[in-house]
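Novice: Before I ask anything, let me first share the structure, which is written out below as structure tokens.
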Amino acid sequence: MSSYAQTSKLYCHVKKGASGKTIIESMFFTPPLKIIAPFYENDMANIMLLNVSAGLMAGDMQTINFDIDTQARVKITSQSYEKIHNTQDSLAMRNTTLNLANDALLVYTPLPCIPFANSSFKNTTTIHLQEDSKLYYGEIFCAGRIARDEIFAFKHFHQRLFIYQNNALTFYDNMNLKPDSINLRSICAFHTFTHYLHFVIYDKNANREKLQSIIEDSKTYTALSLHNDMIIIKALANESEDLLELQKKLYE
């Protein structure tokens, strides 16, 4: 059971500083969430999210909010794989909101999520874009602790993604997995695979031919589709490292 009596919260506002580098204008967090000082690749700020605990437990509730100002360039990742422990008859929840101003660039690629046996997790991400925002967003799901042969042993994994452009919903993705009621090993689901990448690009200058070439050269089982101005990439594999390698190539 969670040792945190209240919702764990993290808020961060980033902007372009006087030097041209993206800086953290303000931030606030409560345990176990935390942010360390950014490091830089040219003018892009690399921000690492920390969860100073063993992972998400029964009853945990987290809210994460980022505001990305005009001309800010930021890459956000996490320190370690996200572990969802046995939640018994309860669940763990996280709500993430990402607000991008015009001409803001965000690369959001937390490390893979691992739901343990008998865990339930509900994860909702809401992204607000403007006309000239740029977004590279990735989520990687693992079927469990594969090395222990703990595969699809979780109770419920529910992950939703809402993307709004100019306050109008333009993209929605809903992954709702219940191994007790859905055959996740069917050819219409994961079949022989255990790892899944969902990657979304909103960038009017994205090179689609290059992206297609990256996909064709990948070790993974991957497909690309277009939805309005969104580029949607979905990939299946049996190693998280293969998906992490593909994801990195997609946003570099």
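The values are calculated or read from the model by the stated rules, or taken from the named source; none is laboratory data. Everything numeric in this text was worked out from a predicted model, so none of it was measured. Glycine gets a Cβ as well: all are built from the backbone with ideal geometry, and neighbour counts include every protein chain shown. When the accessible area is computed, the model is the full protein with side chains, heavy atoms only, and any ligands, DNA or RNA have been set aside. Shrake-Rupley method; radii C 1.70, N 1.55, O 1.52, S 1.80 Å.
Novice: Taking Asp229 as meeting all but one of (1) within 30 Å of Leu91 (Cβ to Cβ); (2) in contact with a Lys or Arg (Cβ under 8 Å, 6 or more places away or on another chain); (3) open to solvent by 60 Å² or more (accessible area, probe 1.4 Å), write down the number of the exception.
Specialist: It is condition (1) that Asp229 fails.
Novice: Which count do you get for residues in the stretch 99-121 that are aliphatic (A, V, I, L, M) and over 19 Å from Asn42 (Cα atoms)?
Specialist: Start the filter on the stretch 99-121 by keeping residues that are aliphatic (A, V, I, L, M), which leaves 100-101, 104-107, 111, 114, 117.
Within this subset, residues satisfying the condition of being over 19 Å from Asn42 (Cα atoms) are 100-101, 111, 114, 117.
Of the residues in that region, 5 qualify.
Novice: To continue, here is another question. Exactly one condition in (1) open to solvent by 30 Å² or more (accessible area, probe 1.4 Å); (2) part of a strand (DSSP E or B); (3) within 30 Å of Gln130 (Cβ to Cβ) is false for Ala18; which is it?
Specialist: Ala18 satisfies all of (1) open to solvent by 30 Å² or more (accessible area, probe 1.4 Å); (2) part of a strand (DSSP E or B); (3) within 30 Å of Gln130 (Cβ to Cβ) except (2).
Novice: Another question about this same structure. With the checklist (1) within 23 Å of Asn176 (Cα to Cα); (2) out of contact with any strand residue (DSSP E or B) (no Cβ under 7 Å at 6 or more places or on another chain) in hand, flag the one item Ser80 doesn't pass.
Specialist: Of (1) within 23 Å of Asn176 (Cα to Cα); (2) out of contact with any strand residue (DSSP E or B) (no Cβ under 7 Å at 6 or more places or on another chain), only one is false for Ser80: (1).
A quick yes/no check of all residues on (1) over 20 Å from Tyr81 (Cα atoms); (2) modelled with pLDDT under 95; (3) of a type in the set (Ser, Thr, Tyr); (4) open to solvent by 40 Å² or more (accessible area, probe 1.4 Å):
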{"position": "Glu216", "(1), (2), (3), (4)": "yes, yes, no, yes"}
{"position": "Lys219", "(1), (2), (3), (4)": "yes, yes, no, yes"}
{"position": "Thr222", "(1), (2), (3), (4)": "yes, no, yes, no"}
{"position": "Ile233", "(1), (2), (3), (4)": "yes, no, no, no"}
{"position": "Ala237", "(1), (2), (3), (4)": "no, no, no, no"}
{"position": "Leu244", "(1), (2), (3), (4)": "no, no, no, yes"}
{"position": "Lys249", "(1), (2), (3), (4)": "no, no, no, yes"}
{"position": "Glu252", "(1), (2), (3), (4)": "yes, yes, no, yes"}
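Novice: Here is a further query. What residue, among those in the stretch 21-37 that are open to solvent by 40 Å² or more (accessible area, probe 1.4 Å), part of a loop (DSSP other than H, G, I, E, B) and closer than 17 Å to Gln79 by Cα, is modelled with the highest pLDDT?
Specialist: Top of the filtered list is Pro31.
Novice: Now, a different point. With respect to the numbered conditions (1) of a type in the set (Val, Ile, Thr); (2) surrounded by fewer than 15 Cβ atoms within 10 Å (Cβ to Cβ); (3) assigned to a strand (DSSP E or B), which one is the sole condition not fulfilled by Val200?
Specialist: Result: Val200 passes all but (2).
Novice: Only one of (1) under 21 Å from Tyr251 (Cα atoms); (2) at pLDDT 95 or above; (3) of a type in the set (Ser, Thr, Tyr) is not met by Ser90, so which one is it?
Specialist: Going through (1) under 21 Å from Tyr251 (Cα atoms); (2) at pLDDT 95 or above; (3) of a type in the set (Ser, Thr, Tyr) one by one, Ser90 breaks only (1).
Novice: Here's a follow-up. Can you pull out the residues in the stretch 192-249 that are acidic (Asp, Glu) and within 16 Å of the chain's Cα centre (by Cα)?
Specialist: Glu241, Glu245 - these are the residues of the stretch 192-249 that are acidic (Asp, Glu) and within 16 Å of the chain's Cα centre (by Cα).
Novice: Follow-up. For the structure I just gave you, tell me whether Ala58 is open to solvent by less than 30 Å² (accessible area, probe 1.4 Å) and part of a loop (DSSP other than H, G, I, E, B).
Specialist: Considered against the rule, which asks whether it is open to solvent by less than 30 Å² (accessible area, probe 1.4 Å) and part of a loop (DSSP other than H, G, I, E, B), Ala58 comes out as yes.
Novice: Having 3 or more residues that are open to solvent by 10 Å² or more (accessible area, probe 1.4 Å) and under 22 Å from Asn65 (Cβ atoms) is the bar; report the strands (runs of 3 or more DSSP E) wholly within the stretch 85-179 that clear it.
Specialist: Passing ranges, in order: 92-100, 120-129, 134-142, 156-165, 168-177.
Novice: With the structure loaded, tell me whether Tyr40 is closer than 16 Å to Thr97 by Cβ, surrounded by fewer than 20 Cβ atoms within 10 Å (Cβ to Cβ) and among the aromatic types (Phe, Trp, Tyr) or whether it fails that test.
Specialist: Against the criterion (closer than 16 Å to Thr97 by Cβ, surrounded by fewer than 20 Cβ atoms within 10 Å (Cβ to Cβ) and among the aromatic types (Phe, Trp, Tyr)), Tyr40 does not qualify.
Novice: Next question, about the same structure. Does the stretch 5-36 hold any residues that are among the small types (Gly, Ala, Ser) and over 19 Å from Leu105 (Cα atoms), and which are they?
Specialist: Selection gives Ala5, Ser8.
Novice: Any chance you could count how many residues in the stretch 180-197 are under 20 Å from Ser240 (Cα atoms), among the β-branched types (Val, Ile, Thr) and surrounded by 10 or more Cβ atoms within 10 Å (Cβ to Cβ)?
Specialist: Selection size over the stretch 180-197: 1.
Novice: Among (1) under 18 Å from Pro110 (Cα atoms); (2) without any contact (Cβ under 8 Å) to a residue 12 or more places away in the chain, which single condition is Met44 missing?
Specialist: For Met44, the exception is condition (2).
Novice: Can you pull out the residues in the stretch 61-82 that are over 20 Å from Cys113 (Cα atoms) and open to solvent by 10 Å² or more (accessible area, probe 1.4 Å)?
Specialist: Asp67, Asp69, Thr70, Gln71, Arg73
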